[in-house]
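One structure below.
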Amino acid sequence: MTVVQIPPVKYLSTTERISKLGALGEAIAAEWLTTLGVLCTPTPRNYPYADLIGSWNGKKYFVGVKTRNERQMGGRKDNDQYNLVLISDAKRRALEQEGKTREDITRILWGEVRRLAATHDAFPAWVTVSVLPKLGTYSAYFGVIPENFMTRSVRMSLDARRGYPIRVEHVRDVRITLDLLNAPRK
């Protein structure tokens, strides 16, 4: 019997892993959307909310791409929601000092996203890319943000993912490597 030696996983720093995961997710999202017939144009680096502008069936979409490991740290539980809009702690604190509630702040964030999308004559949308580094696979999901959407995240539970009509699941990709694993807790 031949024993195969598996090299130990080289964990990236959190910043390196997040950066690599984000760039890979944006590439995967653009490639996947292109296979669906979406003409994708990347936004400038660090553009607020959107990573892509997509044109499809005569409509434009202002697309934020969120990429995560499908499993949380330690691998025991799924990441069941992905944040779509973020706010810095300093900005959040300033708004809270003005008396703004979490709901008010969420409304402000989505208002900013909708205004930016309107400057591109586009609808706000999202793509989530969920990776399983141990299997070297990804799944991707697309959705349009409804006008009355007032949460900061998209549901990614198994039931929620089954309900997304535009999706691709369990695609092998050699770019998904073990160094994208969430580092184990110490």
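Just so you know, all these numbers are worked out from the coordinates, no wet-lab data involved. This is a predicted model, so every value here is computed, not measured. Ideal geometry is used to build each Cβ from the backbone, glycine not excepted, and the neighbour counts take in all protein chains shown.
Couple of notes before you dig in:
- Label-point separation, Asp159 to Leu39 (7 Å along Cα→Cβ), nm: 4.1 nm
- Within region 13-92, the trypsin sites (Lys or Arg not before Pro) that combine a DSSP coil assignment with at most 11 other C-beta atoms in a 10 angstrom radius are Arg45, Arg76, Lys77.
- Fewest-first ranking of Phe62, Phe123, using other Cβ atoms within 10 Å as the exposure measure: Phe123, Phe62
- Quarter of Cα convex hull surface for region 85-145, i.e. mean projection, nm²: 6.0 nm²
- Applying 0.36 nm per residue to the separation of His170 and Lys77 and subtracting their alpha-carbon distance, the gain on full extension is 31.7 nm.
- In summary, the chain shows an alpha-carbon radius of gyration equal to 1.12 times the 2.2 N^0.38 Å reference for compact globular proteins.
- Shown here are the Rg and Dmax of the Cα trace of region 96-186, at 17.0, 49 Å.
- Of Lys60/Lys134; Lys20/Lys66; Lys59/Lys91; Lys66/Lys134; Lys66/Lys100, those spanning more than 24 Å from alpha-carbon to alpha-carbon: Lys60/Lys134; Lys59/Lys91; Lys66/Lys100
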